[in-house]
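Report on one structure; see the data block that follows.
The values are calculated or read from the model by the stated rules, or taken from the named source; none is laboratory data. Not measured: the values here are computed from a predicted model. Reconstructed Cβ throughout: ideal geometry from the backbone, glycine too, with neighbour counts over all protein chains shown. Note: areas computed on protein heavy atoms with side chains; ligands, DNA, RNA excluded. Shrake-Rupley method; radii C 1.70, N 1.55, O 1.52, S 1.80 Å.
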Amino acid sequence: MPDDHGAIATQDRPRTIQGFSSEGLAEFNRQFHALVDERKLAGVVTLVARHGEIVNLDAYGKLDATLPAQLQTDSIFRIASMTKPITGAAMMMLWEEGKWALDDRLEDHIPEFKGLKVRRKDGDPVDQASPMTMRQIMSHTAGFGRAGEYAEANLRAGDLQDMIDKLAGLPLSFQPGKDWRYGPSVDIQGYLIEKLSGQSLDAFFEERLFAPLGMTDTGFWIPAAKGDRMVRIHKYDDSGVIRAAGPSNIFNTAKPKFLAGGGGLVSKIEDYWRFAQMILNRGEFAGRRYLRPETVDLMHQSVLEPGVNVTLYSPETRGLGFGMDFAIVEDPAAAKTSQGVQSFYWGGAFGTWFWIDPINDMIVVGMIQNTGGSTPDGAPLVRELSARLAYAAMTDRQS
């Protein structure tokens, strides 16, 4: 049973649990605890689940490196881009209802995008060689640029309609389908969910996913009364020691004007596991069906055209595919990851991460809060560490 801090006490474990050795899981926790003890992290929460059971749930460190309050397993984190797979699942619910099709033209659902030109490095913008499709907006290949290309446009300054209007006045960054760039595509999906469902994005998420899944601490804002469970964002001082990133701990306590389907949610680790377990279960959780099995299968099948690569941090990245708001590990060696083949995943800018391994029936979720937490200079490489340790602890790995 978990102790008061959420960690499953190693002395009470059998030698193996769901195919993990107790010694391996203890080593998993030990190495993450060491990152906190060495002041490389303020705190970290991790969860490992297999065959539908949480086998290791651990919280260690502090909510704020400068204060005594201890991190707990129900602490609340800004999950940033881990919002995206949730938005993708919501989109696929509407796909099942016949509200859109993969090969629909995006402009048929967003008329403001009709006739958008494509920017060239030299010369005037040109016409689209082929129209943007819904398949492409689900996979970051529709032609929209990286987030940094829209800094001056400040896409999130207004509401979702304001974002659409701004994008409608700008050229695309590449021909639809011919590149992969990580930008506003999933915020656009949030707009589509509102338009296709007739509900606000927060209401759709709450009614169709959060409430039935039991995700009680996930949303675009939290009540002020839960503020003492919110984890502070951290960074490093000049000597490489972790410290709070600023004097305030900013989070929404009321509905924000911009509902960012690409990165606006906060959550706790068990909430996110419930969502991920539903996906691993091919659309079912605790006796309730959310998506059809074949729909979930489609979500983690790559839809990229030949020669298009998922290049989030490096143009040299290979071995990854991309489906409906999930990256897919097609070649672990080429992708330089210890995650298993066919695993699908994403992460958040403040260092939250997860992956789903359908071959080994496993989910790993981890949460930290650092500025630039998903980049090598923003935090230790916690995703890769967790993958190495999780598979090392597994006694019956299938691939």
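Could you work out the Rg to Rh ratio of region 347-390, with Rh taken as the Kirkwood radius (inverse of the mean 1/r over all Cα pairs)?
Details: Rg = 10.8 Å, Rh = 10.7 Å.
Dividing the radius of gyration by the Kirkwood radius yields 1.01.
Across region 306-318, in residue order, what do the Karplus-derived ³J(HN,Hα) couplings come to in whole Hz, using 6.51 cos²θ - 1.76 cosθ + 1.60 with θ = phi - 60° and x for Gly and Pro?
With coefficients 6.51, -1.76 and 1.60, one gets x, x, 8, 10, 7, 10, 6, 10, 8, x, 8, 4, 9 Hz.
Once you've got the Cα coordinates, tell me which of Lys166/Lys226; Lys178/Lys257; Lys235/Lys255; Lys121/Lys257; Lys99/Lys166 are over 31 Å apart. Don't skip to the end; give the middle numbers.
Working: Lys166/Lys226 35 Å; Lys178/Lys257 33 Å; Lys235/Lys255 27 Å; Lys121/Lys257 35 Å; Lys99/Lys166 25 Å.
Where the Cα-Cα span goes over 31 Å, the pairs concerned are Lys166/Lys226; Lys178/Lys257; Lys121/Lys257.
When the dipole is taken about the Cα centre of the chain, and only Lys, Arg (+1) and Asp, Glu (-1) are charged at their Cβ, what size is it in debye, to the nearest 20?
Value, rounded to 20: 320 debye.
Given a 1.4 Å probe, how much area per residue of region 94-177 is accessible, in Å²? Could the numbers behind the result be given before it?
Values: 4120 Å² over 84 residues.
On a per-residue basis, region 94-177 sits at 49 Å².
Based on the Kirkwood radius over alpha-carbon pairs, what value in µm²/s does the Stokes-Einstein equation return for the translational diffusion coefficient of region 314-399 at 10 °C and 1.306 mPa s?
Values: Rh = 13.3 Å.
The Stokes-Einstein estimate is 120 µm²/s.
Could you quote the convex hull projected area for region 127-214, Cα atoms only and averaged over all directions, in nm²?
Values: hull surface 26.0 nm².
If I average the Cα hull's projected area over directions, I get 6.5 nm².
Given +1 on the Cβ of Lys and Arg, -1 on the Cβ of Asp and Glu, and no further charges, what dipole in debye does region 171-230 carry about its Cα centre, rounded to the nearest 20? Display every interim value, and only then the final one.
Working: 6 positive and 8 negative charges, 41 e Å.
With only Lys, Arg, Asp and Glu charged at Cβ, the dipole is about 200 debye.
Carbon and sulfur: what percent of the chain's accessible surface (1.4 Å probe)?
Values: 8060 of 16270 Å².
That fraction is 50 percent.
Reported to two decimal places, what Rg/Rh ratio describes region 130-288 when computed on Cα atoms with Rh from the Kirkwood expression? Could the numbers behind the result be given before it?
Values: Rg = 18.1 Å, Rh = 17.9 Å.
Reported Rg/Rh, Kirkwood definition of Rh: 1.01.
How large is the helix-only mean residue ellipticity at 222 nm for the chain, computed as the sum of -39500 (n - 2.57) over DSSP H runs with n ≥ 4, divided by its residue count, in deg cm²/dmol to the nearest 500? Mind dumping the intermediate values first?
Details: 11 runs with 100 residues, N = 399.
Helices in the chain give a 222 nm mean residue ellipticity of -7000 deg cm²/dmol.
Please label the shape of region 239-347 as rounded, prolate or oblate, based on the square roots a ≥ b ≥ c of the eigenvalues of the alpha-carbon gyration tensor (a/c under 1.5 means rounded; beyond that, a/b larger than b/c means prolate, else oblate).
Details: a/c = 1.92, a/b = 1.18, b/c = 1.63.
In terms of gyration-tensor shape, oblate.
Give me the log10 of I(q) over I(0) for the chain at q = 0.07, 0.09 Å⁻¹, as the Debye formula computes it from C-alpha points; what are the numbers?
For the chain at q = 0.07, 0.09 Å⁻¹, log10 I(q)/I(0) is -0.31, -0.52.
For region 124-193, run through the trypsin sites (Lys or Arg not before Pro) and keep only the ones in DSSP coil with at most 16 other Cβ atoms within 10 Å of their Cβ.
Numbers: sites: Arg135, Arg146, Arg156, Lys166, Lys178, Arg181; in loops: Arg146, Arg156, Lys178, Arg181.
Passing both the DSSP loop test and the Cβ count: Arg146, Lys178.
Between Asp162 and Ala286, what's the calculated FRET efficiency when r is the beta-carbon distance and R0 is 56 Å? Round to 0.05. Write down the numbers at each step before the final one.
On the way: r = 38 Å, r/R0 = 0.69.
Efficiency, from the Cβ-Cβ distance: 0.90.
For a bin width of 5 Å, list the pair-distance distribution of region 77-124 built from all Cα-Cα distances, rounded to whole %.
All Cα pairs, binned at 5 Å, distribute as 5, 16, 14, 16, 16, 16, 10, 7, 2 percent.
Along the charge dipole of the chain, pointing to its positive end and built from +1/-1 on Cβ of Lys, Arg, Asp and Glu, which listed residue (Asn154, Ser139, Gln18) has its Cα farthest out?
Asn154
So who's got an amide H within less than 5 Å of the one on Ala349, skipping anything under 5 residues away but keeping other chains? H placed 1.01 Å off N, in plane.
Ser81, Met82
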